[in-house]
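Step one of this worksheet: look at the structure below.
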Amino acid sequence: FLALIREEAESVVRKYRNHPALVLWAGDNECDAAMANWGGRVKRDPSGNILTRKVIPDVLSRLDLTRPYLPSSPYIDTEAYRTKLHTPEEHTWGPRDYFKGNYYRNTICRFASEIGYHGCPEPNSLKKFISEDKLWNWREKGKEYANDEWMAHAASPEHRENAAYAYRIPLMSRHIKTLFGKEFEDLDTFAAASQISQAEAKKYFIEKFRIEREYRTGILWWNLIDGWPQISDAVVDYYGAKKLAYSYIRRAQEALQLMCDEPSDGKISLLCASDLQKTVKIKWRVTDIFDDNREVLCGENTAEPHTTSALGDISYTSEEPRYYLMTWEYESDGKIVSGKNHFVSFMEKKLDIKRYIEMMHRAGFDKDFFFTVK
């Protein structure tokens, strides 16, 4: 078996070692975590895994000596196994609760090599793999778990309440209730609310890492696109339909971005994250969308390359959702570059979905809509 793995590793390394997008080699996915944490009463130090500690690194030392090697993702060495402390590179899942809850807000993770958040596919996609009589409501009749088709397409082949992955559809429903205070009674609005929840979660993860860039280094999504028709964390479904999160990610990852940190002590900090290669002067403005576009903050600042800098504070007196629009512009290579971003404070205080969608229109997401609400 070791010989077969060695032969496979040699073939893969020779095929991909000159690829310009290859950053590092990983020995496996979550096998260290399985050995150290998932074995019930039998747990083992993953450092004893001959495949990832000897066979594969021996191949790499011969065929691709200079590229970094990570034995497993997440990697758990002997010290991490002994102490049970969190490692700086993690698959950041946890309880999968509200995306601004304690788990996500307080994670020490420096590099999230796997992170995601559920988002319902659009109804047109669901109709392609869920029977008409099972399409809505998603619940098993009289129960709080999903019917057999929704459950099967959420990676749970066993149709029972306590099956390994039976939690996924009810989890998606709880995400909606956290933001909007209710689930909604029609499929279109349910799917829209779920995609809003997912999009805001992805946006929050990106902005948190950019705001805390001194010790947050990157994110890998699980997953970008589905490999089969399912209800999942993907931001593009099996049929190629982009969920709202796709547009939010694209905007949140612009090279220069204004963003808000979480409310604290009566203030919301406004920051500028720049991954540009040069210094630019930015002119910016923040307005309250539903208070007659009242200007709450404005200014002109210099953004240095590869920095996140504070621009000012927005004051608040009420812990109710407020909808802010940030706009800015700067000159680059003789052209004016403009940008937009939005921030909703105190989301967990229950959003109004129609009000939220109106905010999305004003924030410039008109062309990205593929859902309606009743």
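The values are calculated or read from the model by the stated rules, or taken from the named source; none is laboratory data. These numbers come from a predicted model, not from an experiment. Cβ sites come from the backbone with ideal geometry, for glycine too, and all protein chains shown count toward neighbours. Just the protein is used for accessible areas: all its heavy atoms, side chains included, with ligands, DNA and RNA removed. Shrake-Rupley method; radii C 1.70, N 1.55, O 1.52, S 1.80 Å.
From the list 29, 37, 49, the one residue that fits, being within 30 Å of residue 107 (Cα to Cα) and at pLDDT below 95, is 37.
Quick one: count up the residues across the range 336-374 that are in contact with a Lys or Arg (Cβ under 8 Å, 6 or more places away or on another chain), among the hydrophobic types (A, V, I, L, M, F, W, C) and either modelled with pLDDT of 90 or more or within 22 Å of residue 293 (Cα to Cα) (or both). Final tally of qualifying residues: 4.
Total residues in the range 74-117 satisfying the condition of being open to solvent by less than 30 Å² (accessible area, probe 1.4 Å), in a helix (DSSP H, G or I) and closer than 29 Å to residue 177 by Cβ: the figure is 1. Scanning the range 35-59 for residues that are hydrophobic (A, V, I, L, M, F, W, C), surrounded by 19 or more Cβ atoms within 10 Å (Cβ to Cβ) and over 13 Å from residue 2 (Cβ atoms) yields a total of 2. Comparison of 288, 333, 313 shows that the only residue that is among the charged types (D, E, K, R) and modelled with pLDDT under 95 is 333. Out of the residues in the range 253-286 that are open to solvent by 10 Å² or more (accessible area, probe 1.4 Å) and of a type in the set (Ser, Thr, Tyr), state the one that is farthest from residue 332 (Cα to Cα). If we take residues in the range 253-286 being open to solvent by 10 Å² or more (accessible area, probe 1.4 Å) and of a type in the set (Ser, Thr, Tyr), then 264 is farthest from residue 332 (Cα to Cα). Number of residues in the range 334-349 that are of a type in the set (S, T, N, Q) and either over 17 Å from residue 286 (Cβ atoms) or open to solvent by 70 Å² or more (accessible area, probe 1.4 Å) (or both): the value is 1. Pairs linking a residue in the range 200-224 that is in contact (Cβ under 8 Å) with a residue 12 or more places away in the chain and under 15 Å from residue 308 (Cα atoms) to a residue that is charged (D, E, K, R) and in a loop (DSSP other than H, G, I, E, B), with Cβ atoms under 6 Å and 6 or more positions apart or on different chains, are 209/216; 211/261; 215/110; 217/110.
Scanning the range 121-146 for residues that are in a loop (DSSP other than H, G, I, E, B) and within 25 Å of residue 240 (Cβ to Cβ) turns up 121, 122, 127, 128, 129, 130, 131, 136, 138.
Screening residue 250 on (1) open to solvent by 40 Å² or more (accessible area, probe 1.4 Å); (2) farther than 24 Å from residue 357 by Cα shows it passes everything except condition (2). With a requirement of 2 or more residues that are farther than 18 Å from residue 363 by Cβ and not aliphatic (A, V, I, L, M), the strands (runs of 3 or more DSSP E) lying completely within the range 230-290 that satisfy it span 267-274, 280-288. For the range 291-308, the tally of residues that are over 23 Å from the mean Cα position of the chain (by Cα) and either among the β-branched types (Val, Ile, Thr) or in a strand (DSSP E or B) (or both) stands at 10.
Considering the range 155-178, the residues that are open to solvent by less than 30 Å² (accessible area, probe 1.4 Å) and in a helix (DSSP H, G or I) include one that is nearest to residue 100 (Cα to Cα), namely 175.
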